[in-house]
Amino acid sequence: MNAQPEHYTDDAVGENRRVRQRGPVTLRGAQVPRTTTDQRLLDEGGSSDGVHTDPWRVLRIQSEFVEGFGTLAELGPGVSVFGSARTKPDSDDYRMAQHLGAALADAGYAVITGGGPGIMEAANRGARDAGGVSVGLGIELPFEQGLNPWVDIGIHFRYFFVRKTMFMKYSRAFCVLPGGFGTFDELFEALTLVKTRKVTQFPVVLMGSSYWSGLVAWLRDTMLAAGNICAADMDLITITDDVDEAVAIVAAEDRRNGRTPPAMSVDFGESAEA
């Protein structure tokens, strides 16, 4: 998930105007604020106003958790796919993500992404084309991305930490393709939670050996050598260029944890309408 230019749209009046999705609300033109909800939460600038406003923010935060839990409760086994929003459709990384989305869907896993363009779009597209469940967890940004058209179940979040909780709670594995700061944030948060046993250990698969081998070498030769991680921590990561191997790693971990790899026994559409 990388920064993209701010989104403009042609609306019914024939103008190009800024647009932002803020939770269930769509804002355009002069109504788009200069800051995001997360920024206002974290950037109080020493003012005492937060004493009065922050308790009310808790209700909005709570509502996002309720919305996320309620929407995804019957999703079934899922795998989160992360990577750059800048990846072009004619690139090898895009094709790999699309193939991965399809393969995960064929194996019975819902494919969960950040819902944006690039790698996220490719994984959602592959899952949808294969007849699987395609999920996008969007986020309010100063440069609006919007959900890509291959998302079937989409949720827009204001707060990053709520969105991250949904990724962790409803995923059995993370598959990480080449990306930037957002991708690295998601990768290292997952590793931290697994390392500290805040979540049940699950696979973290790095796809694209030419991209990730330098990072893994640095972790081994610098971080491990300095004693800041232990040798077993390197086993938390697997690198591969093979989509079938990545899916096999996810399924094997399911079996190790006493779970049968899924066969899409839940019809999410019907349960969501009930």
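Spin-label pair Leu215-Phe188: with each label point 7 Å from Cα along the Cα-Cβ axis, the two points sit 1.0 nm from one another.
The amide H of Ser84, built 1.01 Å from its N in the peptide plane, has Ile119, Gly179, Gly180 as neighbours under 5 Å, considering only residues 5 or more places off or on other chains.
By the count of neighbouring beta-carbon atoms within 10 Å, fewest first, Lys88, Lys169 end up ordered Lys88, Lys169. Annotation: the residues Arg86, Arg163, Arg255, sorted from fewest to most other C-beta atoms within 10 Å of their own C-beta, follow the order Arg255, Arg86, Arg163. Identify, among Val111, Leu193, Ala226, the residue whose Cα sits farthest towards the positive end of the charge dipole of segment 66-273, taking +1 on the Cβ of Lys and Arg and -1 on the Cβ of Asp and Glu, with the dipole about the Cα centre. Value computed over the given set: Ala226. Amide H contacts under 5 Å for Val133: Val111, restricted to partners 5 or more places along the chain or on a different chain, H placed in the peptide plane at 1.01 Å from N.
Listed values for segment 126-140 are Karplus-derived 3J(HN,Hα) couplings in whole Hz (6.51 cos²θ - 1.76 cosθ + 1.60, θ = phi - 60°), namely x, 5, 5, 4, 8, x, x, 8, 10, 10, x, 10, x, 9, 5, and x replaces Gly and Pro.
Quick one: net charge of Val204's neighbours, Cβ under 12 Å, K/R +1, D/E -1? My count for the surroundings of Val204 gives -3. Each residue in Trp150, Trp212, Trp218, Trp56 was given a count of other beta-carbon atoms within 10 angstrom of its own, and listing them fewest first yields Trp56, Trp218, Trp212, Trp150. Each Lys and Arg Cβ is given +1 and each Asp and Glu Cβ -1; about its Cα centre, segment 66-273 then shows a dipole of about 580 debye. 3J(HN,Hα) along segment 109-124, derived from phi through the Karplus expression 6.51 cos²θ - 1.76 cosθ + 1.60 where θ = phi - 60°, amounts to 9, 5, 9, 10, 9, x, x, x, x, x, 4, 4, 4, 4, 5, 4 Hz, with x in place of Gly and Pro.
For Gly78, the residues whose amide H sits under 5 Å from its own are Ala110, Arg172, ignoring neighbours fewer than 5 places away on the same chain, with H placed 1.01 Å from N. Packing-based ranking of 222-234, 199-211, 105-117 yields 105-117, 199-211, 222-234, ordered from highest to lowest mean Cβ neighbour count within 10 Å.
Just so you know, all these numbers are worked out from the coordinates, no wet-lab data involved. Keep in mind that this is a model prediction, so the values were computed, not measured. No Cβ is skipped: glycine too gets one built from the backbone with ideal geometry, and neighbour counts run over all protein chains shown.
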